[in-house]
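A short worksheet on the structure shown next.
Values in this text are rule-based calculations from the coordinates and carry no lab data. All values derive from a computational prediction rather than experimental measurement. A quick note on method: Cβ atoms are made from the backbone with ideal geometry, for glycine too, and the neighbour counts reach across all protein chains shown.
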Amino acid sequence: MIVSIASGKGGTGKTLVATSLARSLGDKQSLQFADCDVEEPNAHLLLQPTFSQRKVVFILIPRVDEAKCTGCGKCAEVCAYKAIAVVRGKVLVFPELCHGCGACSYFCPEQAISEVGKEIGVVESGNSGKIGFIQGKLNVGELAAPRVIVEVKKHLNQGGLVIIDAPPGTSCPVVEAVKDADFCLLVTEPTSFGLNDLALAVEMTRKLDVPTGVVINRNGIGDHRVEEYCLKEGIPILLRIPLDIEIARLYSRGVTLVDGMPQWKEAFRGLFSKIERIVN
Ligand code: SF4
Ligand code: SF4
């Protein structure tokens, strides 16, 4: 079973929930933890894995043979990312915008485009105690985060329990991290910003047809509108974590909630039991 932990915006406590869920289950059953927040992976700070493997991630970007190119403009026409342009018959490639989709070389009528590898990130794997740990890291300035996430997901054991720490937001990288999940846990906070971003995230998981539940973090601040929204939309609230300065202190010291406050272990195990019941 794959459980993706996501949030409509950053800073809601997504990694706090993901790492504590992993830690509370990891001594009872084998599982993998995949940090797919590739632009800012930080679960390793809490789970302290030892890495044993490292694999560089490449994309294929176009290289134009000027001797064959007629300047027809077809490549620029088919590029959805504006990563290739034809100016006065000359082809310009912008490698930092290229997502390596291959459309330009596929559609070039003169076979003037070949592809060359460009390094965009890395996938590292190892262990945190009994937990298999994989993380992707996108190089600074690169845009093709989904490509790195695809490479992270190639390391996942089919049929085993996997916890994915997804990127924040609702854009392409999040879709890539959530789309094959059996369940998506959305972490939010009870504020108007939290509600706005939660509603966008719910729209995304509905389009992806992934069953969804909510964890309310910093419960006690704000108002009841997130609760009312979940009730109206039929989305179960599976856990509430109170606003607590000690929890914030633990997180800032790189300690998971269940390691710092072991009384939370049962709550996270209960959270997982609820997810299992919904999925099954
Ligand atoms: S599609 Fe091919 S021939 Fe046409 S401009 Fe692009 S590289 Fe040149
Ligand atoms: S490989 Fe895809 S994204 Fe890159 S320039 Fe060609 S069409 Fe654009």
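Odds and ends about this structure:
- Contour minus Cα-Cα distance for K154 and Q53 (0.36 nm per residue): 35.0 nm
- Helix 14-26 vs. the chain, principal-axis angle (Cα, 0 to 90°, nearest 10): 70 degrees
- When only the Cβ of Lys, Arg, Asp and Glu is charged (+1, +1, -1, -1), the dipole of the chain relative to its Cα centre reaches about 240 debye.
- In units of the rule-of-thumb radius 2.2 N^0.38 Å, the range 66-111 shows an alpha carbon radius of gyration of 1.03.
- Taking V78, V214, V38 in turn, the Gaussian network model of the chain (Cα-Cα springs below 10 Å) assigns the largest fluctuation to V78.
- Between V162, I216, L271, the Cα set farthest toward the positive side of the dipole of the chain (charges on each charged residue's Cβ, about the Cα centre) is that of V162.
- The residue list L239, V175, I149 was ranked by how far each Cα lies along the charge dipole of the chain toward its positive end, using unit charges on Cβ atoms, and I149 comes out on top.
- Over 30 Å between alpha carbons, listed pairs K118/K154; K130/K274; K90/K179; K28/K153: K90/K179
- In a reduced charge model with +1 at each Lys and Arg Cβ and -1 at each Asp and Glu Cβ, the range 66-111 shows a dipole moment near 100 debye about its Cα centre.
- Per-pair calculated FRET efficiency, R0 = 45 Å: E96 and R225 via Cβ, rounded to 0.05: 0.65
- Applying the criteria of a DSSP loop state and at most 15 other Cβ atoms within 10 Å to the trypsin sites (Lys or Arg not before Pro) of the range 1-66 yields K28.
- What the Cβ-Cβ distance of S171 and E115 gives, at R0 = 25 Å and to the nearest 0.05, is a FRET efficiency of 0.50.
- Lacking any other cysteine beta-carbon closer than 4.7 Å, the following Cys residues of the chain have no compatible partner: C36, C69, C72, C79, C98, C101, C108, C172, C184, C230.
- Among F193, Y229, P262 the positive-end extreme of the charge dipole of the chain (Cβ point charges): P262
- Three-way shape label, the chain, alpha-carbon gyration tensor, a/c 1.5: prolate
- Neighbour-count order for D180, D209, D223, D165, fewest beta carbons within 10 angstrom listed first: D209, D223, D180, D165
- Calculated [222 nm] ellipticity per residue, helices only, for the chain: -9500 deg cm²/dmol; basis is -39500 (n - 2.57) per DSSP H run with n ≥ 4, divided by all residues, nearest 500.
- With q set to 0.25, 0.26, 0.31 Å⁻¹, the log10 of I(q)/I(0) for the range 120-161, from the Debye formula over equal scatterers at the Cα positions, is -0.85, -0.89, -1.07.
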